1. Place a +1 charge on the Cβ of each Lys and Arg in the chain and a -1 charge on the Cβ of each Asp and Glu, then give the dipole magnitude about the Cα centre in debye, rounded to the nearest 20.
2. May I ask for the angle, rounded to the nearest 10°, between helix 2-13 and the longest principal axis of the chain, with both axes built from Cα atoms and the value confined to 0 to 90°?
3. Around Ala71, under 10 Å between beta carbons, what's the net of Lys plus Arg minus Asp minus Glu among the other residues?
4. Could you tell me what percent of the DSSP beta bridges with both partners in the chain are antiparallel, to the nearest 5?
5. Taking the Kirkwood radius as the inverse of the mean 1/r across Cα pairs, report the Rg/Rh of the range 146-208.
6. Hey, can you find the accessible area per residue of the chain for me, probe 1.4 Å, expressed in square angstrom?
7. For the chain, find the longest principal axis of its Cα atoms and tell me its angle to the long axis of helix 122-145, 0 to 90°, nearest 10.
8. Compute the long axis of helix 187-198 from its Cα atoms, compare it with the longest principal axis of the Cα atoms of the chain, and write down the angle in degrees, 0 to 90, nearest 10.
Amino acid sequence: MINAISELWFARAKDSPAKAWWGASLDRAPVFRALRIGPNDAGAVYAAAPFRVARDANDQWCVLAAWPSPALLGDPDPDWLGIETVLAWNPLANSVQILGDTMSQLVGAFERSDQGTLFGQPFAFFRTWVEQRAAFATAWQAARSAHFTTPPPEKDTPGMLIVGDAQKVLWRGHDLPETLNCVGIDAATVNKAIVRSANLPRAVSAMRAAA
């Protein structure tokens with residue numbers, strides 16, 4: 001137990017993008033404006049919980065988004081150690097990057113194995129995420145009011161966001177659903193990137209050797 005406690009405190013002492021998100025401003029007003037949600041909307045506070053405001057490496061204001069978002073309902077997460085990725089989003093330019101990582105990649109999770117949503121634009125991804133969270137907060141509160149013994153578990157993202165160049169993403173076929181519904185990016189571009197990443201052999205016509 002002593003070793004476990006020491007490891008926990010060591011992990012908490014290390015600087016990381018997740019720790020930077022945890023210590024960022026809790027001012028919700030700019031987050032509400034960026035996501036175009038009303039502060040008095042049902043579930044608004046819970047919906048906006050993954051987002052915090054900070055300054056990026058260029059000292060410009062940005063919105064930080066934590067994934068997975070720390071749990072708030074039921075048993076809240078006590079720290080930031082469960083956060084895997086922090087996204088820095090510029091709402092004015094609708095551009096996004098990953099704190100501490102420049103590699104093009106997918107962020108988020110697909111809810112089903114047969115089909116999922118793939119987002120090519122940050123705002124579309126974040127807006128769908130907060131709408132899903134707001135609906136979940138309402139459902140969770142209804143379950144609590146009805147005295148359900150097992151309230152629904154907190155949900156993940158409504159799909160995955162492409163961060164960077166789709167052509168440079170490492171597309172793992174076994175991790176992808178059978179059908180990808182593309183939002184904010186051309187499906188043909190995604191198909192081309194997936195085939196290219198798979199490094200499939202290419203058939204070409206060969207000249208027969210002269211007899």
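1. 500 debye
2. Roughly 80 degrees, rounded to the nearest 10.
3. -3
4. That works out to approximately 75 percent antiparallel.
5. 1.24
6. 62 Å²
7. It is inclined by approximately 40 degrees.
8. The answer is roughly 70 degrees.
The values are calculated or read from the model by the stated rules, or taken from the named source; none is laboratory data. Keep in mind it's a predicted model, so treat the numbers as computed, not measured. Counting neighbours? That spans all protein chains shown, and the Cβs are built from the backbone with ideal geometry, glycine included. Just the protein is used for accessible areas: all its heavy atoms, side chains included, with ligands, DNA and RNA removed. Shrake-Rupley method; radii C 1.70, N 1.55, O 1.52, S 1.80 Å.
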